[in-house]
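*Asks:* Structure provided below as C-alpha cells; questions to follow.
The values are calculated or read from the model by the stated rules, or taken from the named source; none is laboratory data. Predicted model only: the values in this text are computed from it and were never measured. Ligands, DNA and RNA are excluded from the accessible area calculation, which covers all protein heavy atoms including side chains. Shrake-Rupley method; radii C 1.70, N 1.55, O 1.52, S 1.80 Å.
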Amino acid sequence: MSEENHPLPRTALVTGAGRGIGRAIAERLSADGMRLICVSKSPDSCGAAAEAIREAGGDAESLPLDVSDGTAVANACEQLLSSETQVDVLVNNAGITRDNLLFRMKEDEWNDVLQTNLTSCFHWIKGLARPMTQRRWGRIVNISSVVGVTGNAGQANYAAAKAGMIGLTKSLAKEFAARSVTVNVVAPGFVETDMTSGLDERIKDAALKFIPMKRFGQPNDIASLTSYLCSEDANYVTGKVFTVDGGMVI
Ligand code: NAP
C-alpha cells in the first residue's frame, strides 16, 4: 500500500508501556490520535495501561511478552503482520538495571541487561521495520539514557547497552533514510519512576547536584519529545540523540 493510501490513525507499539516512561509515552501517543499496542513483561501491567487508554477514549491493546526473548518477539511481530496490523511507530523503551561494579558483576547481570535493553531493539526493528520501509513511512524511537553518552561507574552493563542503542540508531537511520523511516534516540536523565524510586537518598541527592534545573524529570518530559519525533512534523529528523535531563549533559 502506498503512503498516500494509508488508513489513519497510525498504530504505535511501545515496549515497557506498563509503567513509568513507557506508559506516559503510550498515553501521549494515544492523545495524539494513534492506536496503541502496549507491551510489557507482566500481563497485568500492559493490560492496565491499555485499559486506561481505552477508558480515556483511545484505542489500545496489550501484548504481554518478555522482550529479552528474541523468538517471542519475532513470533509476535509475525503474528501482528499476518493479522494485517500495520505498525507505523515503534518505541523501544523496555529496560532494566542490574547495577554492580565491574569486578563484582556476574555474567548474568551483563547478559540480562544487554538482552533486555539492546538486543530486544534489534529483534523488534527486524520484525517490524520492513513494512515501514515498503510503505515509505515509519518512526522508530529508542529510549536510551544519558549514561549511554557519559558512562557511569557501577553501570558498565547498562551504559554499554544504552550506548549500543545509539550506534544501532545512527546506523539504521542511514539504512532507512531513503525510505522516509526515521530512527532517533531519546536519552533521559534522572526520571522519577519505579526504576529510580528504590535508590538510596544519598545517591539521589548526589544526582541532583549535577542537574542545573535542580529537579528530577517526570515521565511526561520524555513523552512530549517522543511524541514530536513520532509525528508527521518530524519527517526530516533522523539519526539524532536527544538528551532530556534538565541540562545535565550539554
Ligand atoms: P520502569 O518504571 O522500571 O518500567 C519498565 C517497563 O519496562 C515496565 O513496563 C516493564 O514491564 C518493562 N520491561 C522490563 N523488562 C522487560 C522485559 N524483559 N520484557 C518486557 N517488558 C519489560 O522503567 P522506566 O524508569 O520507566 O524506564 C523506561 C526506560 O527508560 C528504560 O529503558 C530505562 O533504561 C530508560 N531510562 C530511565 C531513566 C530513569 O531515570 N527512570 C533514565 C534514563 C533512561 P512490567 O511492567 O511488566 O514489569
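*Asks:* Mean projection of the alpha-carbon convex hull of the chain over all orientations, in nm²?
*Replies:* Mean orientational projected area (the chain, Cα hull): 13.1 nm².
*Asks:* I've got another one for you. If you bin the C-alpha pair distances of segment 65-168 every 10 Å from 0, what whole percents do you get?
*Replies:* Per 10 Å bin, starting at zero, the Cα-Cα P(r) for segment 65-168 comes out as 16, 42, 28, 12, 2 percent.
*Asks:* Leaving out same-chain residues fewer than 8 places away, which lysines sit with a Cα under 17 Å from that of Lys240?
*Replies:* Lys162, Lys170, Lys174
*Asks:* May I ask you to give the solvent-accessible area per residue for the chain, in square angstrom, as obtained with a 1.4 angstrom probe?
*Replies:* 49 Å²
*Asks:* Convex hull over the alpha-carbon atoms of segment 114-163: what's its volume per residue in Å³?
*Replies:* 63 Å³
*Asks:* I need to check one value: relative contact order of segment 6-240, counting alpha carbon pairs closer than 8 Å and at least 6 residues apart, in percent.
*Replies:* 20 percent
*Asks:* Report, to two decimal places, the Cα Rg of segment 127-250 normalised by 2.2 N^0.38 Å (N = number of residues).
*Replies:* 1.15
*Asks:* Same structure, new question: Amide H of Phe242 versus every other amide H placed in the peptide plane: which residues, excluding those fewer than 5 positions away on the same chain, fall under 5 Å?
*Replies:* The list, which skips near neighbours in sequence, is Val185, Val186, Ala187.
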